[in-house]
Ligand code: LIP
């Protein structure tokens, strides 16, 4: 049985090496390699190179584990573990030179399906900002070794909330209407552009809440554990796990209020 702290140590080592590669490539200039689900959904050569580095490191260190990466898709393993990886979360920020991007490396037990997996360890490394958020199941969430906890007390001005919008322009009207229904709960809104950092900031108390429709498993696998280990609640509507339909992260009381405001 491999312990969650042991798995986290490997996730951290790989995420940091991968993040330094991403940061180096950014300084050398970024090339768009292709578009994916929509014109705005881009992948850079660095996304692919960074995911390849992560994949090779895991093949060497954990050859029996499965892998699910944003750029290379699913690869079933023979062990109980699957690594769920976003090589550069916040790809559009990365392409534009905005430093809010992160390498997200998580390891889960069971099928790599957010509805059923048990997240065991996660590392979210933002190399341009120099911050590493970590969590091991049952061992808390940390930033630079300091324990994290979500904000349980929301001030009279309301909650500082983050959200995001999908790449498909046809979904923007619905997303904006949902944001309008959340605004009475908010003091202000942030749109950071990297789900893993949005979630990590909720865990760190830098945001009171975050919600977004359309997230992929690799967007939230690592940082979702960071939120949970920081005493926060992460999930979708009506008790569903975080996923494509909706991801909400906040303290439990605020989660309920946001869910009621945006679910219809
Ligand atoms: C991004 C998320 C972001 C969301 C974008 C995109 P990517 O992930 O981190 O929160 O709004 O639509 O899904 O594509 O940069 O890995």
Inset, instruction - Return an integer: the convex hull volume of the alpha-carbon atoms of segment 4-147, in Å³ per residue. - result: 105
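What translational diffusion coefficient, in µm²/s and rounded to a whole number, does the Stokes-Einstein relation yield for segment 159-262 at 37 °C and a viscosity of 0.692 mPa s, taking the hydrodynamic radius as the Kirkwood radius over Cα pairs?
250
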Inset, instruction - In nm, give the distance between the simple-model label positions of residue 149 and residue 92, each being 7 Å from the Cα along the Cα-to-Cβ direction. - result: 3.6
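Can you show me the helix-derived [θ] at 222 nm for the chain, built from DSSP H runs with n ≥ 4 at -39,500 (n - 2.57) apiece and divided by the number of residues, rounded to the nearest 500. Mind showing how you got there, number by number?
On the way: 7 runs with 93 residues, N = 264.
So the calculated ellipticity at 222 nm is -11000 deg cm²/dmol.
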Inset, instruction - Just need the relative contact order of the chain here, percent rounded to a whole number, with Cα pairs under 8 Å and 6+ apart. - result: 17
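How much of the DSSP bridge set in segment 88-241 is antiparallel, in percent, rounded to the nearest 5? Walk me through the numbers on the way to the answer.
On the way: 19 of 26 bridges.
In segment 88-241, DSSP labels about 75 percent of beta bridges as antiparallel.
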Legend entry - Fluctuation leader among 209, 60, 221 - the chain, Gaussian network, Cα springs under 10 angstrom: 60
Inset, instruction - Using only Cα atoms, find the angle between the long axis of helix 252-262 and the longest principal axis of the chain, and express it within 0 to 90 degrees, rounded to the nearest 10. - result: 70
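Counting pairwise Cα distances across the chain, what percent come out greater than 26 angstrom? Walk me through the numbers before you get to the answer.
Working: 12495 of 34716 pairs.
Counting every Cα pair in the chain, those more than 26 Å apart make up 36 percent.
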Legend entry - Nearest-ten-degree value, helix 45-61 long axis tilted from longest Cα axis of the chain: 60
Inset, instruction - Have a look at the DSSP beta bridges in the chain and tell me what percent are antiparallel, nearest 5. - result: 80
Inset, instruction - Quick one: angle between helix 4-28 and the longest Cα principal axis of the chain, in degrees between 0 and 90, rounded to 10, please. - result: 90
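Assuming a ≥ b ≥ c are the square roots of the Cα gyration tensor eigenvalues, decide whether segment 27-79 counts as rounded (a/c under 1.5), prolate (otherwise, with a/b larger than b/c) or oblate.
Values: a/c = 5.45, a/b = 1.75, b/c = 3.11.
Here segment 27-79 falls in the oblate category.
Please find the FRET efficiency linking residue 188 to residue 118, where r is the Cβ-Cβ separation and R0 is fixed at 51 Å, and quote it to the nearest 0.05.
That pair, residue 188 with residue 118, gives E of 0.90.
Here, each number is a calculation from the coordinates, and none is a lab measurement. Just so it is clear, the model here is predicted, and its values are computed rather than measured. Every residue, glycine among them, receives a Cβ derived from its backbone with ideal geometry; neighbour counts consider all protein chains shown.
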